[in-house]
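Have a look at the structure below before the remarks.
The values are calculated or read from the model by the stated rules, or taken from the named source; none is laboratory data. Quick caveat: nothing in here was measured; it's all calculated off a predicted structure. A quick note on method: Cβ atoms are made from the backbone with ideal geometry, for glycine too, and the neighbour counts reach across all protein chains shown. What goes into the accessible areas is simple: the full protein's heavy atoms, side chains included, and nothing from ligands, DNA or RNA. Shrake-Rupley method; radii C 1.70, N 1.55, O 1.52, S 1.80 Å.
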Amino acid sequence: MSVEYASKALVGVLTPQANTTVEPEYSIMTPPGSAWINARMLSPHKTIEERLVDYWTRAPEFARQFANAPITSIAFACTGTSYLVGKEMEDSVLEQVRIASGGIPAMSAATSVVDSLRLLGAKRIGLVSPYAGALDAACTPYWE
(Lines give C-alpha, C1' and ligand atoms only; values in the text may rest on other atoms or scores of the structure.)
Protein backbone atom coordinates (compact mmCIF):
# COMPACT_ATOMS: atom_id res chain seq x y z
CA MET A 1 0.00 0.00 0.00
CA SER A 2 1.34 3.43 -0.82
CA VAL A 3 0.12 6.96 -0.43
CA GLU A 4 -0.22 9.49 -3.22
CA TYR A 5 2.80 11.56 -2.19
CA ALA A 6 4.97 8.52 -1.42
CA SER A 7 4.64 6.18 -4.39
CA LYS A 8 8.10 4.66 -3.81
CA ALA A 9 8.53 4.69 -0.02
CA LEU A 10 7.08 6.10 3.18
CA VAL A 11 9.61 6.03 6.03
CA GLY A 12 8.61 6.16 9.69
CA VAL A 13 11.26 8.23 11.48
CA LEU A 14 11.83 8.00 15.24
CA THR A 15 13.35 11.26 16.49
CA PRO A 16 14.67 12.23 19.96
CA GLN A 17 12.36 14.56 21.88
CA ALA A 18 14.30 17.82 21.55
CA ASN A 19 16.17 17.15 18.30
CA THR A 20 16.07 20.10 15.92
CA THR A 21 17.93 18.66 12.92
CA VAL A 22 16.26 15.41 11.84
CA GLU A 23 13.17 16.87 10.18
CA PRO A 24 15.05 19.56 8.21
CA GLU A 25 17.70 17.04 7.11
CA TYR A 26 15.08 14.49 6.01
CA SER A 27 13.20 17.23 4.13
CA ILE A 28 16.36 18.03 2.17
CA MET A 29 17.48 14.44 1.53
CA THR A 30 14.20 12.68 0.73
CA PRO A 31 14.11 11.80 -2.98
CA PRO A 32 11.09 12.34 -5.23
CA GLY A 33 8.44 9.67 -4.79
CA SER A 34 9.41 9.13 -1.17
CA ALA A 35 8.17 10.76 2.00
CA TRP A 36 8.45 10.32 5.75
CA ILE A 37 6.38 10.70 8.87
CA ASN A 38 7.85 11.48 12.26
CA ALA A 39 7.29 10.20 15.79
CA ARG A 40 9.02 11.73 18.80
CA MET A 41 10.70 9.60 21.43
CA LEU A 42 10.20 10.97 24.94
CA SER A 43 12.13 10.17 28.09
CA PRO A 44 11.96 11.54 31.64
CA HIS A 45 15.69 11.00 32.26
CA LYS A 46 17.86 14.03 33.02
CA THR A 47 21.15 13.28 31.25
CA ILE A 48 21.55 12.81 27.52
CA GLU A 49 23.21 9.44 28.05
CA GLU A 50 20.30 8.15 30.13
CA ARG A 51 17.76 9.47 27.62
CA LEU A 52 19.53 7.90 24.66
CA VAL A 53 19.69 4.47 26.28
CA ASP A 54 16.04 4.82 27.32
CA TYR A 55 15.04 5.66 23.74
CA TRP A 56 16.79 2.56 22.49
CA THR A 57 15.33 0.16 25.04
CA ARG A 58 11.86 1.54 24.27
CA ALA A 59 12.23 1.67 20.47
CA PRO A 60 9.60 -1.05 19.81
CA GLU A 61 7.13 0.95 21.93
CA PHE A 62 7.90 4.19 20.09
CA ALA A 63 7.55 2.47 16.70
CA ARG A 64 3.95 1.60 17.57
CA GLN A 65 3.12 5.29 17.10
CA PHE A 66 3.07 4.62 13.35
CA ALA A 67 0.08 2.31 13.93
CA ASN A 68 -1.40 1.33 10.58
CA ALA A 69 0.38 4.00 8.51
CA PRO A 70 1.62 2.37 5.29
CA ILE A 71 5.31 2.83 6.11
CA THR A 72 7.89 0.82 4.19
CA SER A 73 10.73 1.15 6.72
CA ILE A 74 11.51 2.54 10.15
CA ALA A 75 14.50 4.80 10.76
CA PHE A 76 15.86 5.42 14.25
CA ALA A 77 17.37 8.88 13.75
CA CYS A 78 20.00 9.11 16.48
CA THR A 79 23.59 7.87 16.29
CA GLY A 80 24.35 8.49 19.97
CA THR A 81 22.16 5.60 21.05
CA SER A 82 24.18 3.15 18.97
CA TYR A 83 27.41 4.31 20.60
CA LEU A 84 26.09 3.77 24.11
CA VAL A 85 24.30 0.43 23.68
CA GLY A 86 26.77 -1.25 21.32
CA LYS A 87 26.33 -3.19 18.09
CA GLU A 88 24.89 -6.36 19.65
CA MET A 89 22.05 -4.57 21.46
CA GLU A 90 21.52 -2.31 18.46
CA ASP A 91 20.97 -5.32 16.19
CA SER A 92 18.72 -7.00 18.77
CA VAL A 93 16.47 -3.98 19.20
CA LEU A 94 16.24 -3.36 15.46
CA GLU A 95 15.08 -6.96 15.06
CA GLN A 96 12.51 -6.46 17.85
CA VAL A 97 11.19 -3.36 16.07
CA ARG A 98 11.02 -5.27 12.77
CA ILE A 99 9.09 -8.13 14.36
CA ALA A 100 6.77 -5.84 16.35
CA SER A 101 5.95 -3.86 13.19
CA GLY A 102 4.96 -6.91 11.18
CA GLY A 103 8.23 -7.31 9.31
CA ILE A 104 8.88 -3.70 8.29
CA PRO A 105 12.67 -3.20 7.94
CA ALA A 106 14.22 -1.11 10.71
CA MET A 107 17.56 0.67 10.70
CA SER A 108 19.44 3.06 12.90
CA ALA A 109 21.33 6.10 11.70
CA ALA A 110 24.58 4.30 12.51
CA THR A 111 23.68 1.04 10.74
CA SER A 112 22.73 3.08 7.67
CA VAL A 113 26.11 4.79 7.69
CA VAL A 114 27.91 1.44 8.15
CA ASP A 115 25.97 -0.04 5.20
CA SER A 116 26.83 2.98 3.05
CA LEU A 117 30.52 2.85 3.98
CA ARG A 118 30.64 -0.86 3.10
CA LEU A 119 28.93 -0.18 -0.22
CA LEU A 120 31.54 2.48 -0.97
CA GLY A 121 34.37 0.13 0.03
CA ALA A 122 35.64 2.53 2.70
CA LYS A 123 38.57 1.24 4.73
CA ARG A 124 39.20 4.39 6.79
CA ILE A 125 36.91 7.19 7.91
CA GLY A 126 37.29 10.59 9.53
CA LEU A 127 35.15 11.08 12.61
CA VAL A 128 33.55 14.35 13.74
CA SER A 129 31.24 14.19 16.73
CA PRO A 130 28.67 16.74 17.91
CA TYR A 131 28.77 15.16 21.35
CA ALA A 132 30.92 15.78 24.42
CA GLY A 133 32.19 13.76 27.38
CA ALA A 134 31.16 10.12 27.76
CA LEU A 135 29.05 10.14 24.62
CA ASP A 136 31.91 11.48 22.52
CA ALA A 137 34.25 8.87 24.01
CA ALA A 138 31.75 6.10 23.12
CA CYS A 139 31.56 6.98 19.44
CA THR A 140 35.11 5.99 18.44
CA PRO A 141 34.84 2.37 19.65
CA TYR A 142 31.57 1.94 17.77
CA TRP A 143 33.16 2.88 14.46
CA GLU A 144 36.28 0.80 15.09
### Query
Does segment 102-144 hold any residues that are β-branched (Val, Ile, Thr), open to solvent by 40 Å² or more (accessible area, probe 1.4 Å) and more than 16 Å from residue 49 (Cα to Cα), and which are they?
113, 125, 128
### Query
What are the residues in segment 43-66 that are open to solvent by 50 Å² or more (accessible area, probe 1.4 Å) and out of contact with any Asp or Glu (no Cβ under 9 Å at 6 or more places or on another chain), if any?
46, 47, 48, 49, 50, 51, 53, 57, 58, 61, 64, 65
### Message
Suppose we keep only residues that are hydrophobic (A, V, I, L, M, F, W, C) and surrounded by 15 or more Cβ atoms within 10 Å (Cβ to Cβ) within segment 83-101. Which one would you say is farthest from residue 67 (Cα to Cα)?
### Response
84
## Note on the structure
All-but-one check, residue 122 against (1) assigned to a helix (DSSP H, G or I); (2) more than 17 Å from residue 36 (Cα to Cα); (3) not charged (D, E, K, R), failing number (1)
### Verdict on residue 101 being closer than 22 Å to residue 7 by Cα, among the polar types (S, T, N, Q) and at pLDDT 95 or above
no
### Query
Inside segment 1-38, can you point out the residues that are more than 15 Å from residue 70 (Cβ to Cβ) and hydrophobic (A, V, I, L, M, F, W, C)?
14, 18, 22, 28, 29
### Message
Please go through segment 44-91 and give me each residue that is among the small types (Gly, Ala, Ser) and more than 21 Å from residue 26 (Cβ to Cβ), ordered by number.
### Response
86
#### Entry: Tally of residues being surrounded by 15 or more Cβ atoms within 10 Å (Cβ to Cβ) and out of contact with any helix residue (DSSP H, G or I) (no Cβ under 7 Å at 6 or more places or on another chain) across segment 70-82
4
### Query
Which one is farthest from residue 102 (Cα to Cα) among residues in segment 10-33 that are small (Gly, Ala, Ser) and modelled with pLDDT under 95?
18
### Message
Anything in segment 95-105 that is in contact with a helix residue (DSSP H, G or I) (Cβ under 7 Å, 6 or more places away or on another chain) and not polar (S, T, N, Q)? List them, or say none.
### Response
97, 100, 104, 105
### Query
Is there a residue being of a type in the set (S, T, N, Q), in contact (Cβ under 8 Å) with a residue 12 or more places away in the chain and under 24 Å from residue 141 (Cβ atoms) anywhere in segment 21-36?
no
